[in-house]
Every structure is written in structure tokens, then in C-alpha cells.
1. Tally up the residues in segment 64-85 that are part of a loop (DSSP other than H, G, I, E, B), under 14 Å from the mean Cα position of the chain (by Cα) and modelled with pLDDT under 90, please.
2. Restricting to segment 4-19, give me the number of residues that are over 13 Å from residue 59 (Cα atoms), in contact with a helix residue (DSSP H, G or I) (Cβ under 9 Å, 6 or more places away or on another chain) and crowded, with 18+ Cβ neighbours inside 10 Å.
3. Go through (1) surrounded by 14 or more Cβ atoms within 10 Å (Cβ to Cβ); (2) out of contact with any helix residue (DSSP H, G or I) (no Cβ under 9 Å at 6 or more places or on another chain); (3) assigned to a loop (DSSP other than H, G, I, E, B) and name the single condition residue 117 misses.
4. Which condition number in (1) more than 13 Å from residue 34 (Cβ to Cβ); (2) at pLDDT 95 or above; (3) touching a strand residue (DSSP E or B) at 6+ places or on another chain (Cβ under 8 Å) is the one that residue 90 fails?
5. So which of 88, 93, 41, 105 ends up being over 14 Å from the mean Cα position of the chain (by Cα) and part of a helix (DSSP H, G or I)?
């Protein structure tokens, strides 16, 4: 069983992801904001992090910077899941080392599931 950390402020989206990944019998860990997500990533060392960009307290890009600069979390694959469909944001996330970038409004749940499965099997 792999651990997936989901850093997402929307409770409905968190519930959707929980159902999606528990179907594959993964342990799903949640953080409703960036500071909690960073703490959980360091403590629990998940196999993968799904990270929203627009969140209170700290946005996803700030969280990504901290995760990628920390020796404990820098090698954990991060997939950005957001409704921001902006080329500059996507390119910035890629420069910072994300393993994937998916716009929530455009992906099918099965595509996300497949992408996650491929990343955690590496």
C-alpha cells in the first residue's frame, strides 16, 4: 500500500480524491493547507503528493519550493492539481521539478488515477 498526501483546501475535492485512491487501496493523507501539508510530508514521507495551487495561508508554488528544498521531501514526486490553466504557471511548476501538472477541469478521474499509479510504481 502506497501513501498519497493530498494538499487541498476544498473539502469536496479532498473527499473525491479519497474515494478515487482508496479504491486502489492506497493510504490517503490530507492537509487542508500548505503548512500542514509540509509538516505531514516531512513526518509521513508519502510516495506521492497531490498539490493544489490556490490555497489559504500559503499557495502551492510556495509549498513546492519548500518541499523541493528539504532533504527529506525533495525526492517525493509532486503532481500539481489546479484550475489554473496558464502556460507561465505550468512552466514555472515544471522548472521547480513537478512530476505532473493537471488542470482539474480538463482531466478525467481515470487519467489522474493512471498518472498517479505510474508515478508511484517507479
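The values are calculated or read from the model by the stated rules, or taken from the named source; none is laboratory data. Only a predicted model underlies this, so the values are computations on that prediction, with no experimental measurement involved. Using ideal geometry, Cβ is built from the backbone for each residue, glycine included, and neighbour counts are taken over all protein chains shown.
1. 1
2. Count: 4.
3. Condition not satisfied by residue 117: (3).
4. (2)
5. Among 88, 93, 41, 105, only 88 is over 14 Å from the mean Cα position of the chain (by Cα) and part of a helix (DSSP H, G or I).
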